[in-house]
Amino acid sequence: TIVWMGEFSRTPRINGNTGRDHWARSWSTVVGGGGINGGIAVGQTSADGTRVETEPYSAEDLMATVCRAMGMSLETTFTSKNGRPMKIANGGKVIKELIA
């Protein structure tokens, strides 16, 4: 499975310095292979890119989807060096449209 993404996107509008700032409200990710449905787009923003108009998905949802596609249990828990349990995908839900 291949995941191509960043941690945010850029604002839909040019700022006063003719640049674009960080924008965490919506961003794009490309995933493929390993049990992922290919050739589709999931989700939609408003025409100006300022609002998500369909069900929003989180980074945890994306990770849960990739883990499921790779056959990993979403119940898997890791333990940090200081003993804190960390659930894989942090409780994210699978994006059903992406699972082949």
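The values are calculated or read from the model by the stated rules, or taken from the named source; none is laboratory data. None of the values given here were measured: they were computed from a predicted structure. So basically every Cβ, Gly included, is an ideal-geometry build from the backbone, and we count neighbours across all protein chains shown. Ligands, DNA and RNA are excluded from the accessible area calculation, which covers all protein heavy atoms including side chains. Shrake-Rupley method; radii C 1.70, N 1.55, O 1.52, S 1.80 Å.
Pick out the one residue from 50, 65 that is more than 19 Å from residue 3 (Cβ to Cβ) and either assigned to a loop (DSSP other than H, G, I, E, B) or not charged (D, E, K, R) (or both).
Going through 50, 65 in turn, just one is more than 19 Å from residue 3 (Cβ to Cβ) and either assigned to a loop (DSSP other than H, G, I, E, B) or not charged (D, E, K, R) (or both): 50.
Name the single residue that is farthest from residue 61 (Cα to Cα) among those in the stretch 1-24 being in a loop (DSSP other than H, G, I, E, B), among the β-branched types (Val, Ile, Thr) and open to solvent by 80 Å² or more (accessible area, probe 1.4 Å). Full working, then the answer.
The first filter runs over the stretch 1-24 and keeps only residues in a loop (DSSP other than H, G, I, E, B), leaving 1, 6-8, 11-21, 24.
Now drop any that are not among the β-branched types (Val, Ile, Thr), which leaves 1, 11, 14, 18.
Then drop every residue that is not open to solvent by 80 Å² or more (accessible area, probe 1.4 Å), which leaves 14, 18.
On the way: 14: 30, 18: 33 Å.
Looking at the filtered set, the residue picked out is 18.
Specify the residue that is farthest from residue 100 (Cα to Cα); the eligible residues are those in the stretch 35-50 that are surrounded by 13 or more Cβ atoms within 10 Å (Cβ to Cβ) and modelled with pLDDT under 90. Even if it seems obvious, please write down each step before you answer.
Here is the first cut: in the stretch 35-50, the residues surrounded by 13 or more Cβ atoms within 10 Å (Cβ to Cβ) are 35-37, 42-43, 45, 49-50.
In the following step, the residues that additionally are modelled with pLDDT under 90 were identified as 35, 49-50.
Details: 35: 5, 49: 28, 50: 30 Å.
Result: 50.
Restricting to the stretch 68-78, what's the tally of residues that are open to solvent by 90 Å² or more (accessible area, probe 1.4 Å) and part of a loop (DSSP other than H, G, I, E, B)?
So in the stretch 68-78, the residues open to solvent by 90 Å² or more (accessible area, probe 1.4 Å) come out as 68, 70, 75, 78.
Keeping just the survivors that are part of a loop (DSSP other than H, G, I, E, B) gives 70, 75.
Counting residues in the stretch 68-78 that are open to solvent by 90 Å² or more (accessible area, probe 1.4 Å) and part of a loop (DSSP other than H, G, I, E, B) gives 2.
Taking the options 36, 95, name whichever one is within 14 Å of residue 5 (Cβ to Cβ) and touching a Leu at 6+ places or on another chain (Cβ under 6 Å). Please lay out each step first, then the result.
Values: 95 fails: touching a Leu at 6+ places or on another chain (Cβ under 6 Å).
Within the list 36, 95, the selection yields 36.
For the stretch 25-34: of the residues being in a loop (DSSP other than H, G, I, E, B) and out of contact with any helix residue (DSSP H, G or I) (no Cβ under 7 Å at 6 or more places or on another chain), which is least open to solvent (accessible area, probe 1.4 Å)? It would help to see each step written out before you state the result.
Looking only at the stretch 25-34, we keep the residues that are in a loop (DSSP other than H, G, I, E, B), and these are 25-28, 33-34.
So of that shortlist, the ones also out of contact with any helix residue (DSSP H, G or I) (no Cβ under 7 Å at 6 or more places or on another chain) come out as 25-28, 33.
Working: 25: 162, 26: 23, 27: 81, 28: 99, 33: 43 Å².
Here the answer is 26.
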